[in-house]
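First comes the structure, then the notes that go with it.
The values are calculated or read from the model by the stated rules, or taken from the named source; none is laboratory data. Everything quoted here is computed from the prediction, not taken from an experiment. Every residue, glycine among them, receives a Cβ derived from its backbone with ideal geometry; neighbour counts consider all protein chains shown. Areas reflect the complete protein model, heavy atoms only, side chains present, ligands, DNA and RNA absent. Shrake-Rupley method; radii C 1.70, N 1.55, O 1.52, S 1.80 Å.
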Amino acid sequence: MQYIIMDLEWNTAFSKQYDRYINEIIEIGAVKLDENRKVVSTFSSFVRPQIEKKLRSRVKNLTNITNDDVKAGEDFLTVIGDFSEWANSDDVIFLSWGNMDIRVMVDNFKYFNGQSKIPFINYYVDLQDYSMEMLKLSKSQQLGLNNAADILNINLDYLVLHRALTDSEISAKCFEKLYQKEEFEKKIKKCDDRFYEKLFFKPYIISDINDPLVDKSVMNCKCTDCGNIAKRLDNWKFINGSFRAFFVCKNCNIKMRANIQFKKYYERVNIRKSIIKMERKPANPND
Ligand SMILES: [Zn+2]
C-alpha cells in the first residue's frame, strides 16, 4: 500500500461556454509515500490555463505563481496524464487536505473531457477531517494546514507556503505525526458512485412542511415551566429557515414560540428546535 498526498492551486476563471465560474487548475503537486509513510517520490507541474489565460491578482499574491510560469506549462489533460502515470498503481490511497481539491479536480475533468470521476483514484482519505478527529477538534471549526502544522510543531521556516508541492509536503508531515493504523483505516473511502454523490451533495433546509423528511413527532411544544404539552395557537409558518408557531400552556397561562429547522445532509436530517417563552405582561400594580 502506498499513499499519495496531493494539493492543487487554481485560478478563478469564467467559462463563457457554461456561463459560470470554474476553479481552473494551474498547478498540481504531490508526494508519494511508501507503506511506512516515507517520501519516495514527488510530483510538481504547472498547468497552462485555457479558460482564462490571465491569473487573478489574489491568486498571484497568494501563490507567487506568475502568468509566465503557467504559460510554460502543459494543458490540463497532458499534465493529468503525466500525473496518473506517476501515481501508477491500483494500490494507492489518495489524500488531500479537505475535499475541495478533489471536487476541483472532478470539475476540471468534467470541463475538459466530460468525465465526472477521477479515473485513477480508487481510495481516498480527507486528511483534514482525519487530523481534526485525531486532534479532537470540533467539526464546526475548520483546521487550516498551517494551524495544523503549528499544533504539531512542524517547522515551516524553510517552506514556501501555498504552493502545491510544499503544501502536500506539509500535509505529509502532519499525516506522519498523526498516523494510527486503526483510526486511519476507518477513514478510507472507496471512490464509487456513492462517494461522488456524497462529495457533491449540497445540504439544504427543508421549507415544505409536507416533505416526508419533516418528522411530525417533533412538531410540538412542551411548556418551558411545567413540561406539559402546550396548545398550538396558529398554523406553522416557514420563516427565516425554520417552521414557527405560537403555543400556550393552559396550566401556566404562558405563551411560547417554537422554531424548528430541518436541514438535509447526505445521510441524515438535522433538527434544530428552540422554544422561547414570550414576555408576560407586567402585573397590574393595582391588583
Ligand atoms: Zn406550563
* Looking only at the stretch 207-217, decide whether some residue is under 27 Å from the mean Cα position of the chain (by Cα), of a type in the set (S, T, N, Q) and surrounded by fewer than 16 Cβ atoms within 10 Å (Cβ to Cβ). => yes
* **From Arg48, Arg37, residue being over 22 Å from the mean Cα position of the chain (by Cα) and within 19 Å of Asp126 (Cα to Cα)** => Arg37
* Asked: What tally of residues in the stretch 53-109 results from selecting those that are touching an Asp or Glu at 6+ places or on another chain (Cβ under 8 Å) and part of a strand (DSSP E or B)?
  -> 3
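Considering each of Leu152, Leu156 in turn, give the residue that is of a type in the set (A, V, I, L, M, F, W, C) and out of contact with any Cys (no Cβ under 9 Å at 6 or more places or on another chain). Write out each step before concluding.
On the way: Leu152 fails: out of contact with any Cys (no Cβ under 9 Å at 6 or more places or on another chain).
Every option except Leu156 fails the conditions.
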* Structure fact -> By residue number, the members of the stretch 21-52 that are open to solvent by 10 Å² or more (accessible area, probe 1.4 Å) and not in a loop (DSSP other than H, G, I, E, B) are Tyr21, Asn23, Lys32, Val39, Val40, Ser41, Thr42, Phe43, Ser44, Ser45, Phe46
* To do: Quick one: count up the residues across the stretch 16-40 that are in contact with a helix residue (DSSP H, G or I) (Cβ under 7 Å, 6 or more places away or on another chain) and among the hydroxyl-bearing types (Ser, Thr, Tyr).
  => 0
* Asked: In the stretch 250-275, what count of residues is obtained for those that are within 15 Å of the ligand (Cβ to nearest atom) and free of Cβ contacts under 8 Å to residues at least 12 places away in the same chain?
  -> 1
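Tell me yes or no: at least one residue of the stretch 131-144 is within 24 Å of Phe43 (Cα to Cα), modelled with pLDDT of 95 or more and within 19 Å of the chain's Cα centre (by Cα).
yes
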